[in-house]
Amino acid sequence: MKKSVLAYPLLVSMASVAVPARGQEQVGNDEGQIVIADRRLPEIVVTGLPVTRGDSVYNATEIEMDSSQTVENALRDVPGLQQFRRSDARSANPTSQGVTLRGLGGNASSRALLMLDGVPQADPFGGWVAWPGYDALALSNARITRGGGSVADGQGAIAGTIELFSDNVGDRIELGAAYGSRNGVDADLLFGRELGQGQLTISANYARGDGFIPIIEGQRGSVDRPAEYEQAGLAVRFVAPLSDNVELQSNVRAFTDDRERGFAFSENHNDGADASIRLVDRTSDWQWSALAYLQIRNFDVSFGGVADDRNSVSRVFEQFNVPSTGLGARFEVRPPVGDNVELRIGGDWRRTEGTTNENFFYLDDDTPQRSRSAGGSTATYGGFVEASLQASDTLVLTGGGRIDFWSIDNGFRKEIELINPFPGSVRTDEMFANRSDTEFTGRGGFAFAATKKLSLRGAAYLGWRLPTLNELFRPFRVGSDATAANELLEPERVKGAELGLDWESGVVKFGITAFYNQLDNAIANVTLGNGPGVFPGVGFVAADGSYSQRQNLDAIESRGIEIDAEFDLGELADGLSVRAAYAFIDAEVDGSGDAAAVDGFRPAQVPRHNASGSIRWETANGSGASLSARYVGQQYEDDVNILSLADAFTIDGRMALAVTDRLLVETRVENLLDARVEAAVNSNGIIERAFPRTFWVGLRAKIE
């Protein structure tokens, strides 16, 4: 099994070739991988170009993927990293699973840029993440860089960057299967074969379960039932050298995701397929990479209105077909400019397009009165330059900037009557004006090795994010509450700064960072009224529902402290380690106009306190045990800070026994204390919870 780590010397591992960043010392290890001896850089397994000296300036955390956890739940161990909802991909609505950092939440679209082997992963229509599409078994590690303004990675990284890296599995077959509470099944397969100098990897994952009843006990009615789920994914990756210097990386990935929200007319379905191809040259004097990718997505979702006594439910809204595509390309070159200087020059392009098709105003569960279509397209084109300087033996300086051109095109919204008195008549047919502009992104900073154990760092940055097609054009409902889209939204812009220190001895690694972020034009769901009534963009809202619209707030200000620590206790017992981390976030809204009522309030879904810790013991043959804990502080469901979600403390555990060198028996428990993790609350006080206590027992077999 893989262990979670925070920071080690830089580890660079590629399928066929591996080289250090210029100016760093190359050292071998027992596995034949390349270790770069630079204490200030965190460990990272990369599949593209090596990280640069400049990366030591920014607050980065590295965790290894563990097959006993899903990718999204492994990332939850990083304090300050959160999704819009506390629930995971087994019970949450997939459209609420955007990921963010540093308290810049309040919106279900991602404000942190998630990438897999250099390819952006956010849904091209909505900006959320389809977590069931990832198999942790096929991934080596993740690198989380807190703080926005990533020059090389493009728009979207206003809260930070999350990079996932595929594993180099060699000749290996691994199969795991587990059975859990409520008829849960988790299974995964990894097949790796070295073909000449190339590497073929095939991975597959499957999960299903009868689910649990999301509404807490004591508030349930006859309509409430377990929220079942079924999910599957398949990925194929082939890596091969084209010459002594150039490597080809090709990836194809597909997934399907079916969930229910725990009552009739709450089902949702999400499908997707990705493909990418990348060429990388890491060994020439002129290092370079070129990437092209395609994303295809489609989802449908139904919304039911539940009566106050929760004994009846009726269909109120259905998005029956929401197709979208994303296209992109990226190029980077690193010319040789001296042993003490690293220079990055490149550019990228991304285009998204999508349409939502909806039925609403239902006379009965099968008869909608109206139909609506809405959508459009967005595009960004950008170029960047970034340089890192080894100014002295103890000082690294870095800085860079990029300029982007963006456009929002072909926006439309059309509503049609479906029944008498005028079936087929057009009620609304709007074409929105195309818009375009330019944005500047920049960042810079320093890293100073004060002593052999202590280093100081600081950084400042600017970043931006273009509104998603979902925010611009798609209305949505959560229970009786309705939120309208807004085609006039402006891009979000962040400016921030941070100071930190890192201390490392042979046993302890410790890091602390203080930060300040100001997110201007923050897109949030602003409450404008309450039902009953008919409201623009959403239609009828019941008496127990609220009406909101996506709007640009003046700003969200977020300041806080992040602490990471790890203790290597191998002297007490081989393979024993302890990790602890904490984030304090003080965030508030600066609002005026329609948003004046939320001025000074905390952004929705942002807790002040977030902490995690774990103790792990693992032997060379895979046997071991671990215990991990997470704490999430109180947060608010709504922008006016009335609906509160209580704090939550959860404990997970795992025990594994290697029966033979090839067979492992494993038991796991999630939420050992069966804590009530509140994930949502509506205006009637009805509370929805995340996953309860869940036990798993399984086998894992490996052939090498």
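The values are calculated or read from the model by the stated rules, or taken from the named source; none is laboratory data. This one's a predicted model, so the numbers in the text were calculated from it and none came from an experiment. No Cβ is skipped: glycine too gets one built from the backbone with ideal geometry, and neighbour counts run over all protein chains shown.
Miscellaneous remarks
- Flag: GLU490 matches the condition of being of a type in the set (D, E, K, R), in contact (Cβ under 8 Å) with a residue 12 or more places away in the chain and either surrounded by fewer than 20 Cβ atoms within 10 Å (Cβ to Cβ) or under 28 Å from GLU688 (Cβ atoms) (or both).
- On the stretch given as segment 519-540, residues that are of a type in the set (S, T, N, Q) and either surrounded by fewer than 18 Cβ atoms within 10 Å (Cβ to Cβ) or farther than 30 Å from GLY593 by Cα (or both) total 1.
- Residue count for segment 58-77, restricted to those that are hydroxyl-bearing (Ser, Thr, Tyr) and without any contact (Cβ under 8 Å) to a residue 40 or more places away in the chain: 0.
- Condition check for ARG662: at pLDDT below 95, over 21 Å from LEU576 (Cα atoms) and surrounded by fewer than 21 Cβ atoms within 10 Å (Cβ to Cβ): yes
- The set of residues from segment 570-596 being among the aliphatic types (A, V, I, L, M), under 22 Å from SER505 (Cα atoms) and at pLDDT below 90 comprises LEU572, ALA573.
- Residue match in segment 570-588 (condition: surrounded by 18 or more Cβ atoms within 10 Å (Cβ to Cβ), more than 25 Å from LEU501 (Cα to Cα) and not aromatic (Phe, Trp, Tyr)): yes
- Strands (runs of 3 or more DSSP E) wholly inside segment 484-536 that include at least 2 residues being modelled with pLDDT of 95 or more and under 26 Å from SER436 (Cβ atoms): 492-504, 508-520
- Just one of the listed residues (ARG616, ARG668, ARG602) is modelled with pLDDT of 95 or more and of a type in the set (Lys, Arg), and it is ARG668.
- Selection count where residues are assigned to a loop (DSSP other than H, G, I, E, B) and among the small types (Gly, Ala, Ser), scope segment 260-293: 4
- Test: GLU415 is closer than 30 Å to ARG85 by Cβ and either among the aliphatic types (A, V, I, L, M) or at pLDDT 95 or above (or both): no
- Number of the condition not met by ALA565 [criteria: (1) among the aliphatic types (A, V, I, L, M); (2) touching a residue at least 60 places away in the same chain (Cβ under 8 Å); (3) assigned to a loop (DSSP other than H, G, I, E, B)]: (3)
- Output for segment 609-621, where each listed residue is surrounded by 18 or more Cβ atoms within 10 Å (Cβ to Cβ) and either polar (S, T, N, Q) or not in a strand (DSSP E or B) (or both): ASN610, SER612, SER614
- Of residues in segment 46-99 being of a type in the set (Ser, Thr, Tyr) and within 15 Å of the chain's Cα centre (by Cα), the one modelled with the highest pLDDT: SER87
- Checklist (1) charged (D, E, K, R); (2) surrounded by 19 or more Cβ atoms within 10 Å (Cβ to Cβ); (3) over 30 Å from THR451 (Cβ atoms) applied to ASP409, failing item: (2)
- Criterion: under 30 Å from GLN319 (Cβ atoms), touching a strand residue (DSSP E or B) at 6+ places or on another chain (Cβ under 7 Å) and modelled with pLDDT of 95 or more - qualifying residue of ASP404, ASP409, ASP429: ASP409
- Residues in segment 556-569 that are within 18 Å of GLU504 (Cα to Cα) and surrounded by fewer than 19 Cβ atoms within 10 Å (Cβ to Cβ): ILE563, ALA565, PHE567, ASP568, LEU569.
- Test: residue in segment 121-131 that is modelled with pLDDT of 90 or more and either touching a His at 6+ places or on another chain (Cβ under 9 Å) or under 20 Å from ALA290 (Cβ atoms) (or both): yes
- Qualifying positions in segment 650-695 - part of a strand (DSSP E or B), closer than 17 Å to SER181 by Cβ and under 25 Å from the mean Cα position of the chain (by Cα): THR650, ILE651, ASP652, GLY653, ARG654, ARG668, VAL669, GLU670, ARG689, THR694
- Among the residues making up segment 630-689, those that are more than 20 Å from GLY218 (Cα to Cα) and among the β-branched types (Val, Ile, Thr) are VAL632, VAL640, ILE642, THR650, ILE651, VAL659, THR660, VAL665, THR667, VAL669.
- Members of segment 270-310 found to be without any contact (Cβ under 8 Å) to a residue 60 or more places away in the chain, surrounded by fewer than 16 Cβ atoms within 10 Å (Cβ to Cβ) and not hydrophobic (A, V, I, L, M, F, W, C), listed by number: SER284, ASP285
- Taken over segment 231-245, the criterion of being out of contact with any Phe, Trp or Tyr (no Cβ under 8 Å at 6 or more places or on another chain) and assigned to a strand (DSSP E or B) is satisfied by ALA235, VAL236, ARG237, PHE238, VAL239, ALA240, PRO241.
- A single member of GLU688, GLU637 is closer than 29 Å to ARG85 by Cα and at pLDDT 95 or above, and it is GLU688.
- Subset of segment 218-265 [among the polar types (S, T, N, Q), closer than 30 Å to ASP365 by Cα and more than 24 Å from the chain's Cα centre (by Cα)]: GLN219, SER222
- Check on GLN319, part of a strand (DSSP E or B), within 30 Å of PRO50 (Cα to Cα), under 28 Å from the mean Cα position of the chain (by Cα) and in contact (Cβ under 8 Å) with a residue 60 or more places away in the chain: no
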